[in-house]
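Asker: My questions all concern the structure below.
Please treat every number below as a calculation from the coordinates, not as lab data. Keep in mind that what you see is a predicted model, and the values were worked out from it rather than measured. All Cβ positions, even for glycine, are placed from backbone atoms using ideal geometry, and neighbour counts span all protein chains on display.
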């Protein structure tokens, strides 16, 4: 059975699970501070379980930045935590300008312009490689506990 909960949920007891997978997205170049806090507060339990971490960021749309070894956001994240996840993944995510508020829409557009990405404010682009997501899910579901 799979359970999904927000990282801020303080009522979750990780020791009840066989495998723990943490996923976090990038917002203005950074992972949420709550992710760092969660990992720090639960590091002993995380290390006692089968575990994994994945990052979702638009930079991973680029072929040379779409692996755990080449994604700058994931590499930076790993330097700032002492936990060493057993498995890592990075996924491109979705760009949907209309979903964002006015400020975010134009900031993301500016960032995309700087990185030679799509700047059409009507765009909805799925950068996630769902085959890679499926491989990651299968890898984790086949873990012996």
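Asker: For the chain, max minus min Cα coordinate along each principal axis, in Å, sorted largest first?
Answerer: Principal extents (largest minus smallest coordinate, Cα): 46, 29, 29 Å.
Asker: Could you tell me the distance between the Cα centroids of the range 44-99 and the range 3-40, to the nearest Å?
Answerer: Rounded to whole Å, the Cα centres lie 13 Å apart.
Asker: Pairs of Cα atoms under 8 Å, at least six residues apart: use those to get the relative contact order of the range 32-97, whole percent. All intermediate terms of the calculation are to be shown ahead of the outcome.
Answerer: Working: 72 pairs, mean separation 27.2, N = 66.
In percent, rounded to a whole number, it is 41.
Asker: Please work out whether the range 82-145 counts as rounded, prolate or oblate from its C-alpha gyration tensor, where a ≥ b ≥ c are the square roots of the eigenvalues and a/c under 1.5 means rounded, while otherwise a/b larger than b/c means prolate and anything else oblate?
Answerer: prolate
Asker: Moving on. Once the principal axes of the Cα atoms of the range 21-93 are found, what is the range along each, listed largest first in whole angstroms?
Answerer: So the three principal-axis extents are 34, 22, 19 Å.
Asker: Counting only DSSP beta bridges with both residues in the chain, what percent are antiparallel, rounded to the nearest 5?
Answerer: Numbers: 5 of 17 bridges.
Around 30 percent antiparallel, to the nearest 5.
Asker: Moving on. For the chain, what relative contact order do you get, as a whole percent, if you take Cα pairs closer than 8 Å and at least 6 residues apart? Kindly include the intermediate steps, with their values, before the conclusion.
Answerer: Values: 178 pairs, mean separation 30.9, N = 145.
After rounding, I find 21 percent.
Asker: Let me ask something else about it. Angle between the Cα long axis of helix 130-141 and the longest principal axis of the chain, 0 to 90 degrees, nearest 10?
Answerer: 10 degrees
Asker: Then there's this: Spin-label point model (7 Å from Cα, Cβ direction): what's the residue 128 to residue 8 distance in nm?
Answerer: Going from the residue 128 label point to the residue 8 one covers 2.2 nm.
Asker: Cut-off is 10 Å between beta-carbons; in what order do 10, 49, 76 appear when sorted fewest neighbours first? Kindly include the intermediate steps, with their values, before the conclusion.
Answerer: On the way: 10 6, 49 18, 76 14.
In increasing order of surrounding Cβ atoms, one gets 10, 76, 49.
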